[in-house]
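Written out below as structure tokens is the structure these notes cover.
The values are calculated or read from the model by the stated rules, or taken from the named source; none is laboratory data. For clarity, every value in this text was computed on a predicted model and none was experimentally measured. No Cβ is skipped: glycine too gets one built from the backbone with ideal geometry, and neighbour counts run over all protein chains shown. The accessibility values were calculated without ligands, DNA or RNA, using every heavy atom of the protein model including side chains. Shrake-Rupley method; radii C 1.70, N 1.55, O 1.52, S 1.80 Å.
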Amino acid sequence: MPGTPSFSPTHTAARAALQRFVPKAGAHYANRRNYDPGPGRHHAVSQLSPYLRHRVLTEEVVLRAVLARQSPKAAEKFIQEVFWRTYWKGWLELRPAVWQDYRSRLLHQLDRVQSEEGLRHRWQAGCTGETGLDCFDAWAQELVQTGYLHNHARMWFASIWIFTLGLPWELGADFFLRHLLDGDPASNTLSWRWVAGLQTRGKAYVAQPDNIAKFTEGRFTPAPDDLNSTAAPLDGPPPPPPLSSPTGGRITPGLRTLFVLHEDDLSPGWLLDADLRPVGTALLTSGACLSPLKPAPHVTHFRAALVQETAGRWQTQLGPTRTAKSAGDIAAMARDLGAEQIVTAYAPTGPVAEILQELDGVVQMLRPYDARAWPHATSGYFKFRKKIPTLLAALDLPAGG
């Protein structure tokens, strides 16, 4: 696909992408962010999500860079999008049972795919972009080929998947998670639930032909009867009440420490520069734990390359490193090095957290940014959004102009 976005798995590429976007983070972003001009032309949006997802760039770094150039008012829409990501992570962290339920329901839907021929054919057509719906098929192929899709296109795609094609939302969420370079358990799962009408109870996102035509600027003009534009929200149980927000662990000074550098947090300086001196470091990627099906090669390569590149940048402070794909690999490295404690950055709900939960006594250090924000993710985003000025003030960010 000519002109498609290219995301190099390096910190240098991430910083360059941030610097390219900062001048456009104000009015240009606010006015053009909902338009999907097609592959290789997503210049109005930041395209930082693959780096933010793995915290090659942290939220603080991005906010500081933007607000050094833009005023909070000018960059309000972009700032809100950054905090949407924070909100989704916090919401799921307070309700991990929602992720566990999705994983269980996905296995059930994959069993149905094996036994129900009609469902299997519709699912395969949806994944390969062979449904006959021009817009949907183009987005499916763009995702598979590039690992990226504009956010508005993701909403349209999910709506058509659920309400027009009649496919289970769990299979769609899995399709995204297996192919998106920025695939995130919280943002992905909860966004699909939101489209389906399960997240905001009784309120679904139903794609409209005129909306697609407007925001693709005529690239696609679905006929009114191409889409199910009057679908009712899906039915399902309400989410569980929120748990207490995590507080993170505490490092015991003086113990031989194995550090785990994992794909959910690839900015380890806040720990390594605070006198953490590991005797070695395990380099953890979620690999096959991401999905019951095989993730796209570009996803596994991107994550593994980011972890290795980060380890290279911090090699003088990490000690000897070893690739790890399971809790057993980490435990074996700890034994080999005589480690007395295992320390890592907090892994939010998802495959990495599931791997770490198999180990006893891992000290997971919670970033102050998350510790401040997650407790406010107890209900809807609009209530959370009222806390953004306070959360920004806590970062002591520069005043932009």
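Starting from the amide H of residue 324, placed 1.01 Å from N in the peptide plane, find each other amide H under 5 Å away whose residue is 5 or more places distant or on another chain.
Answer set, sorted by chain and number: 283, 284, 285.
What whole-number volume per residue, in cubic angstrom, does the convex hull of the C-alpha atoms of the chain give? Don't skip to the end; give the middle numbers.
Numbers: hull volume 55.3 nm³, N = 401.
Normalising the Cα hull of the chain by residue number yields 138 Å³.
Which ³J(HN,Hα) values in Hz, rounded to whole numbers, follow from the phi angles of the range 282-294 under the Karplus curve 6.51 cos²θ - 1.76 cosθ + 1.60, where θ = phi - 60° and Gly and Pro get x?
8, 9, 10, 10, 6, x, 5, 6, 5, 7, x, 9, 6
Got a sec? What order do 150, 179, 28, 376 fall in by accessible area at 1.4 Å, biggest, i.e. largest, first?
On the way: 150 5, 179 25, 28 85, 376 65 Å².
Solvent-accessible surface, decreasing: 28, 376, 179, 150.
What percent does the relative contact order of the chain come to when contacts are Cα pairs within less than 8 Å and at least six residues apart?
Values: 626 pairs, mean separation 88.1, N = 401.
Rounded, it is 22 percent for the chain.
Pairs to check: 203/386; 24/73; 89/325; 77/203; 203/387; 77/386. Give those whose C-alpha atoms are more than 19 Å from each other in this structure. The partial results should precede the final answer.
Details: 203/386 22 Å; 24/73 14 Å; 89/325 23 Å; 77/203 23 Å; 203/387 24 Å; 77/386 14 Å.
Beyond 19 Å: 203/386; 89/325; 77/203; 203/387.
Under the 0.36 nm per residue contour assumption, what length would be gained going from the current alpha-carbon distance of residue 392 and residue 141 to full extension? Kindly include the intermediate steps, with their values, before the conclusion.
Working: separation 251, 0.36 × 251 = 90.36 nm, distance 3.83 nm.
Roughly 86.5 nm would be gained on extension.
Let me understand the range 302-355 better: what is its radius of gyration from the alpha carbons, and its Dmax, in angstrom?
Spelled out, the Cα radius of gyration and Dmax of the range 302-355 are 12.0, 32 Å.
Placing unit charges on C-beta atoms (Lys and Arg positive, Asp and Glu negative, everything else neutral), compute the dipole magnitude of the range 245-296 about its Cα centre in debye, rounded to 20.
Values: 4 positive and 5 negative charges, 42 e Å.
With Lys and Arg at +1 and Asp and Glu at -1, about 200 debye.
Roughly speaking, what is the stretch gain from residue 301 to residue 104, that is 0.36 nm per residue apart minus the C-alpha to C-alpha distance, in nm to one decimal?
Values: separation 197, 0.36 × 197 = 70.92 nm, distance 2.65 nm.
Separation in residues times 0.36 nm, less the Cα-Cα distance, equals 68.3 nm.
What FRET efficiency comes out for the pair residue 316/residue 120, r = Cβ-Cβ distance, R0 = 45 Å, nearest 0.05?
Using R0 = 45 Å, I get an efficiency of 0.30.
To the nearest 10 degrees, how steeply does helix 185-196 sit against the main Cα axis of the chain, on a 0 to 90 scale?
Tilt relative to the chain: about 20 degrees.
From Cα pairs below 8 angstrom and at least 6 apart in sequence, can you work out the relative contact order of the range 217-308, rounded to a whole percent?
26 percent.
Order 386, 77, 214 by their accessible area, 1.4 angstrom probe, all chains in place, largest first. Don't skip to the answer; put the middle values down first.
Working: 386 160, 77 85, 214 115 Å².
The residues order as 386, 214, 77, largest area first.
Using only the Cα atoms of the range 57-136, build the gyration tensor, take square roots of its eigenvalues as a ≥ b ≥ c, and label the shape rounded, prolate or oblate: rounded if a/c is under 1.5, else prolate if a/b is larger than b/c, else oblate.
Numbers: a/c = 4.59, a/b = 1.91, b/c = 2.40.
The shape class here is oblate.
If we restrict to alpha carbons, what Rg and Dmax does the range 118-254 come to, in Å?
Just the Cα atoms of the range 118-254 yield Rg and Dmax of 17.3, 68 Å.
Placing +1 on the Cβ of each Lys and Arg and -1 on the Cβ of each Asp and Glu in the chain, which of 305, 181, 62 has its Cα farthest towards the positive end of the resulting dipole?
62
Any aspartates and glutamates with Cα under 12 Å of the residue 214 Cα? List them, leaving off those in the same chain fewer than 8 positions away.
Within the straight-line cut-off, residue 214 pairs with 36.
Please list the radius of gyration and Dmax for the range 153-224, considering alpha-carbon atoms only, with Å as the unit.
My reading of the Cα-based Rg and Dmax gives 12.5, 34 Å.
How much accessible surface does residue 101 have with a 1.4 Å probe, in Å² rounded to 10?
Approximately 80 Å² for this residue.
Compute the accessible area per residue over the chain, keeping the other protein chains in place, probe 1.4 Å, unit Å². Mind showing how you got there, number by number?
On the way: 17010 Å² over 401 residues.
I get 42 Å² per residue for this part.
With charges only on Cβ, +1 for K and R and -1 for D and E, what is the dipole size of the chain about its Cα centre, in debye, rounded to 20? List each step's numbers first, then the result.
On the way: 42 positive and 37 negative charges, 228 e Å.
The dipole magnitude comes to about 1100 debye.
Need one word for the range 212-359: rounded, prolate or oblate. Basis is the Cα gyration tensor (sqrt eigenvalues a ≥ b ≥ c); a/c below 1.5 gives rounded, then a/b vs b/c decides. Please report the intermediate quantities before stating the final value.
Values: a/c = 2.65, a/b = 2.03, b/c = 1.31.
It comes out prolate by the Cα gyration axes.
HN-Hα J couplings of the range 14-19 from phi, Karplus 6.51/-1.76/1.60, θ = phi - 60°, integer Hz, Gly and Pro as x?
The phi angles translate into 5, 5, 5, 4, 5, 5 Hz.
Just to verify a number: what accessible area does residue 121 come out at with the full protein assembly present, 1.4 Å probe, Å² rounded to tens?
Rounded to the nearest 10, the figure is 100 Å².
Just to confirm the number: angle between the C-alpha axis of helix 117-128 and the first principal axis of the chain, 0 to 90 degrees, nearest 10?
Long axis of 117-128 versus the principal axis of the chain: about 70 degrees.
On a 1.4 Å probe surface of the protein chains, which of 289, 127 comes out largest in accessible area, and what is the full order?
On the way: 289 50, 127 20 Å².
The ranking, largest first, comes out as 289, 127.
What is the local net charge at residue 85, summed over the other residues whose Cβ is closer than 12 Å to its Cβ (Lys, Arg +1; Asp, Glu -1)? Intermediate results must be reported in sequence, preceding the final value.
Values: positive: 53, 55, 89; negative: 59, 81, 182, 184, 370.
Residues close to residue 85 contribute a combined charge of -2.
To the nearest 20 Debye, how big is the dipole of the range 1-71 about its Cα centre, given +1 on the beta carbon of each Lys and Arg and -1 on that of each Asp and Glu?
Working: 10 positive and 3 negative charges, 25 e Å.
My answer is approximately 120 debye.
Taking amide H positions as placed in the peptide plane 1.01 Å from N, state which residues far from residue 280 in sequence (5 or more) or on other chains have amide H under 5 Å from it.
259
Can you classify the range 14-90 as rounded, prolate or oblate using the Cα gyration tensor, where a ≥ b ≥ c are the square roots of its eigenvalues, rounded means a/c under 1.5, and otherwise it's prolate if a/b beats b/c and oblate if not?
Working: a/c = 1.32, a/b = 1.14, b/c = 1.16.
Note, shape of the range 14-90 comes out rounded.
Carbon and sulfur: what percent of the range 216-367's accessible surface (1.4 Å probe)?
On the way: 3840 of 7290 Å².
Using a 1.4 Å probe with all protein chains present, the range 216-367 comes out at 53 percent carbon and sulfur.
Rg/Rh for the range 1-144 to two decimals, with Rh computed the Kirkwood way over all alpha-carbon pairs. Before the final figure, lay out the partial values.
Values: Rg = 18.8 Å, Rh = 18.0 Å.
My calculation puts Rg/Rh at 1.05.
Taking the radius of gyration and the Kirkwood hydrodynamic radius from Cα positions alone, what is the Rg/Rh ratio for the range 111-163, to two decimal places?
Details: Rg = 11.5 Å, Rh = 11.5 Å.
Radius of gyration relative to Kirkwood radius: 1.00.
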